[in-house]
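Heads up, the thing below is written out as structure tokens.
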2 protein chains.
Amino acid sequence: MDKLPTVLDVGRAAGVSRQTVSNVLNAPGVVKAETRARVEAAIAELGYRPHASARRLRTRKSATLGIRLDPMTNGISGSVHDRFLHALTEQADARGLRMLLFTATDPQDEIRQFQRMHEGADVDAFVLTSTFFDDPRTEWLIQHRVPFVTFGRPWGIDDMKDPLHLWVDVDGRSGLRQATEHLLAEGARRIVYLGWPSGSGTGDDRRGGWRDAMRAGTDLGEAELDRLQLAVEDGVAQGREAVRGLEAAGIRFDAIVCASDSLGLGALLLVGADVPVIGYDNTPVAEAVGLSSIEQPLEDVAAGALELIMGRTGSELVDWEQSDDSRHRLITPRLVVRQRRIS
Amino acid sequence: MDKLPTVLDVGRAAGVSRQTVSNVLNAPGVVKAETRARVEAAIAELGYRPHASARRLRTRKSATLGIRLDPMTNGISGSVHDRFLHALTEQADARGLRMLLFTATDPQDEIRQFQRMHEGADVDAFVLTSTFFDDPRTEWLIQHRVPFVTFGRPWGIDDMKDPLHLWVDVDGRSGLRQATEHLLAEGARRIVYLGWPSGSGTGDDRRGGWRDAMRAGTDLGEAELDRLQLAVEDGVAQGREAVRGLEAAGIRFDAIVCASDSLGLGALLLVGADVPVIGYDNTPVAEAVGLSSIEQPLEDVAAGALELIMGRTGSELVDWEQSDDSRHRLITPRLVVRQRRIS
DNA sequence: CGAATAAGTTTGATCGATCAAATCCATGAT
DNA sequence: ATCATGGATTTGATCGATCAAACTTATTCG
């Protein structure tokens with residue numbers, strides 16, 4: 001046989017019509033058990049595989065999710081996105097879905113890609129990461145009724161509960177609270193928060209967790225807390241310099257919690273072994289140098305994203321405009337305590 | 001308009017037939033310039049986008065490459081694969097190609113996926129990474145005439161020049177030679193090679209580079225070189241213990257070159273600041289701690305892979321069984337020297 | 001007993017594009 | 001003036017599957 005077998009060939013071999021073969025594959029329930037067995041045997045014998053493109057043309061579904069691969073050069077925290085992608089691909093695979101990658105230079109370009117891929121029936125839905133304030137991408141997707149789910153809350157005030165916006169996120173506030181409480185329990189009092197400038201939803205959320213725990217667990221006043229709070233761009237060097245500045249200013253502290261492992265490592269490189277530091281993201285770097293960190297359960301995030309968009313187990317899109325289920329998931333991260341290896 | 005426009009709609013709007021529209025898209029040369037302009041205007045006006053699945057059904061091409069996402073190896077060096085994936089996706093995108101991800105539990109499972117995706121016209125070709133000795137996957141692909149290219153040489157003795165096996169790889173021997181020569185130039189003499197047990201092509205290749213340079217640049221005998229050569233499994237802890245063992249055995253050394261950044265970091269955590277260490281892969285960890293390392297130019301690897309399989313600029317498969325071009329690319333890595341940040 | 005109902009299967013049409021062959025038309029050679 | 005030539009465009013068929021409706025056959029009920 002030269003050509004690949006089609007439903008017609010299988011039907012002939014099993015003595016049934018093409019549609020029956022199709023039914024065996026897509027709606028086994030309607031076919032008599034005996035017939036089904038015969039067809040299944042023929043499928044196995046001929047090594048038949050459905051032609052994905054033909055099916056997609058007809059059904060206008062692709063069983064494929066699109067996700068953008070960030071340019072993401074600055075290594076260290078890039079691994080979060082990569083690990084999420086791993087988890088997502090594995091779980092999608094288990095549901096018979098596949099992930100189509102693409103890149104884009106900017107949000108407008110990304111929207112153009114959305115359009116192309118969705119209209120061409122390349123993908124059924126999109127998974128977005130690193131959403132930001134008033135994200136034009138989610139607006140476009142909602143407006144054009146293209147299904148999607150984001151890893152990351154829509155930080156705009158109103159969007160937050162927008163029923164059309166499905167999202168999964170990690171509760172950074174809880175993460176920082178855990179980290180801070182852990183240090184408090186170990187006897188630390190003056191705990192520094194080393195984070196990013198205000199404005200990023202994610203960063204503000206994490207800072208909030210530290211403040212919550214400090215307010216509840218110490219008697220430091222707001223002004224004092226302000227002094228223990230550092231805001232710099234992400235990066236190892238930035239983290240180090242920030243802590244250096246703190247020391248130079250003569251501000252005492254006995255532990256540090258950070259918004260990222262990059263910052264955490266920067267701090268680690270400067271302070272003595274007696275000052276505990278906790279990072280965020282639990283990257284390979286943290287593991288390698290023995291930096292305690294907050295682990296984002298990305299498997300759960302991926303599972304949540306798929307669940308929201310495809311239902312609990314299916315590989316078909318859920319009618320998300322009807323469904324009454326909750327339209328988001330907030331996942332609690334976990335503190336990983338490590339024994340320091342450097343410094 | 002409710003439905004998306006098709007070639008027919010565009011044709012009607014421009015006063016031509018559907019095939020002419022198709023030609024404007026796929027063979028602009030055969031259409032008269034004036035007509036073409038009219039059709040292009042109609043395309044823009046209606047916002048027409050070709051339906052990818054329909055095109056694929058007819059042409060049996062998908063303009064998509066499949067690549068397996070590894071099951072998340074031990075963090076630190078996993079980033080090489082991820083960076084390669086980034087580079088590949090970006091360059092594929094520039095050619096109008098897309099990358100389809102999948103996962104597999106083992107080589108047999110992966111082969112099953114090859115079959116499914118290829119027969120379903122989901123992908124035109126595959127990109128394989130981390131090939132190994134007598135890899136059943138490449139054998140299967142060759143046997144079934146499925147186009148593919150590997151990142152990594154086929155380490156089997158005969159496969160190496162197999163004209164049906166397209167491959168790109170990084171010249172690890174050159175990398176280690178560069179690293180070793182750099183240290184020799186800086187005055188080191190007794191340079192340790194910290195690598196993996198024999199048997200992996202990649203590892204043996206790298207060790208060869210160190211030995212080349214040591215033979216040429218020192219008067220140490222073979223026996224002495226054997227003593228300076230460590231073979232352990234990859235990992236930070238393993239690297240550290242190996243070096244500790246060396247010290248315990250009373251063997252003197254004044255520099256270390258490694259087969260990976262994991263091993264390099266392990267070594268770094270143990271030796272004094274006066275013993276230079278050079279890792280391999282130039283991972284974010286290396287950058288963060290200031291470990292010198294060997295950078296694999298993954299953009300070049302990705303470009304080479306696409307070039308081999310799709311031709312210099314095209315987005316169509318090259319007739320690789322005919323082509324007389326070279327069927328592989330060996331890329332030279334680059335030493336990145338850094339100022340130590342820890343220890 | 002005949003008609004309504006359900007279960008199982010088949011047939012015709014369709015998804016949107018491209019291939020292959022046919023048609024049309026202007027030009028130049030005979 | 002006739003016919004071959006080649007460029008530009010159109011028509012018919014097809015890729016492989018699924019949908020929607022039609023058809024068979026067996027079963028049930030008034």
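The values are calculated or read from the model by the stated rules, or taken from the named source; none is laboratory data. Treat the numbers as computed from the prediction; the structure is a model and nothing was measured. We place every Cβ from the backbone using ideal geometry, glycine too, and count neighbours over all the protein chains shown.
Quick notes on this structure:
- Residues that are within 14 Å of another protein chain (Cβ to nearest Cβ) and either in a helix (DSSP H, G or I) or over 38 Å from the mean Cα position of the chain (by Cα) (or both), drawn from the stretch A:22-54: A:Leu25, A:Ile43, A:Ala44, A:Leu46, A:Ala52, A:Ser53, A:Ala54
- With respect to the stated conditions, A:Asp134 is part of a loop (DSSP other than H, G, I, E, B) and more than 14 Å from every other protein chain (Cβ to nearest Cβ).
- Which listed residue, of B:Arg98, B:Arg83, B:Arg112, is modelled with pLDDT of 80 or more, closer than 25 Å to B:Asp261 by Cα and basic (Lys, Arg): B:Arg83
- Selected residue (criterion: surrounded by the fewest Cβ atoms within 10 Å (Cβ to Cβ)) from residues of the stretch A:77-102 that are outside any helix (DSSP H, G or I) and at the interface with chain B (Cβ under 8 Å from one of its Cβ atoms): A:Leu100
- The stretch A:228-243, subset in a helix (DSSP H, G or I) and of a type in the set (D, E, K, R), residue surrounded by the fewest Cβ atoms within 10 Å (Cβ to Cβ): A:Glu241
- Flag if A:Asp93 is in contact with a Phe, Trp or Tyr (Cβ under 8 Å, 6 or more places away or on another chain) and at pLDDT below 90: yes
- Every residue from the stretch B:160-191 that is part of a strand (DSSP E or B) and within 17 Å of the chain's Cα centre (by Cα): B:Leu166, B:Trp167, B:Val168, B:Asp169, B:Val170
- Whenever a residue of the stretch A:12-38 is closer than 15 Å to A:Arg49 by Cα, its partners that are of a type outside the set (Asp, Glu) and within 8 Å of DNA strand C (Cβ to nearest atom), lying with C-beta atoms within less than 6 angstrom and at least six residues away or across chains, give the pairs A:Arg18/A:Gly11; A:Val21/A:Gly11; A:Asn23/A:Val30; A:Asn23/A:Val31; A:Val24/A:Val31; A:Val24/A:Arg36.
- Within the stretch B:51-66, tally of residues that are at pLDDT below 90 and surrounded by fewer than 19 Cβ atoms within 10 Å (Cβ to Cβ): 2
- Residue in the stretch A:244-274 that is nearest to A:Val170 (Cα to Cα), counting only those that are more than 14 Å from every other protein chain (Cβ to nearest Cβ) and surrounded by 21 or more Cβ atoms within 10 Å (Cβ to Cβ): A:Ala259
- Filter pass, A:Asp169 being within 14 Å of another protein chain (Cβ to nearest Cβ), under 23 Å from A:Asp82 (Cβ atoms), out of contact with any Asp or Glu (no Cβ under 8 Å at 6 or more places or on another chain) and touching a residue at least 60 places away in the same chain (Cβ under 8 Å): no
- Residue match in the stretch B:74-88 (condition: without any contact (Cβ under 8 Å) to a residue 40 or more places away in the chain and among the polar types (S, T, N, Q)): no
- When the criteria are applied in full, A:Ser53 meets the requirement of being small (Gly, Ala, Ser), within 12 Å of DNA strand C (Cβ to nearest atom) and within 30 Å of A:Leu100 (Cβ to Cβ).
- For the stretch A:209-219, a residue qualifies if it is at pLDDT 95 or above and surrounded by fewer than 16 Cβ atoms within 10 Å (Cβ to Cβ), and the qualifying residues are A:Arg215, A:Ala216.
- Residue within the stretch A:192-206 that is at pLDDT 95 or above, over 24 Å from the mean Cα position of the chain (by Cα) and within 18 Å of A:Ala255 (Cα to Cα) present: yes
- If only residues of the stretch B:1-21 that are crowded, with 18+ Cβ neighbours inside 10 Å and within 9 Å of DNA strand D (Cβ to nearest atom) are counted, the one that is nearest to the other protein chains (Cβ to nearest Cβ) is B:Val21.
- From the list A:Thr105, A:Thr64, A:Thr59, the one residue that fits, being within 13 Å of chain B (Cβ to nearest Cβ), within 12 Å of DNA strand D (Cβ to nearest atom), of a type in the set (S, T, N, Q) and within 39 Å of the chain's Cα centre (by Cα), is A:Thr59.
- Here B:Arg312, B:Arg334, B:Arg240 are screened, and the one residue that is at pLDDT 95 or above and among the charged types (D, E, K, R) is B:Arg334.
- Scanning the stretch B:108-128 for residues that are more than 14 Å from chain A (Cβ to nearest Cβ) and assigned to a strand (DSSP E or B), we see that the one that is farthest from the chain's Cα centre (by Cα) is B:Ala125.
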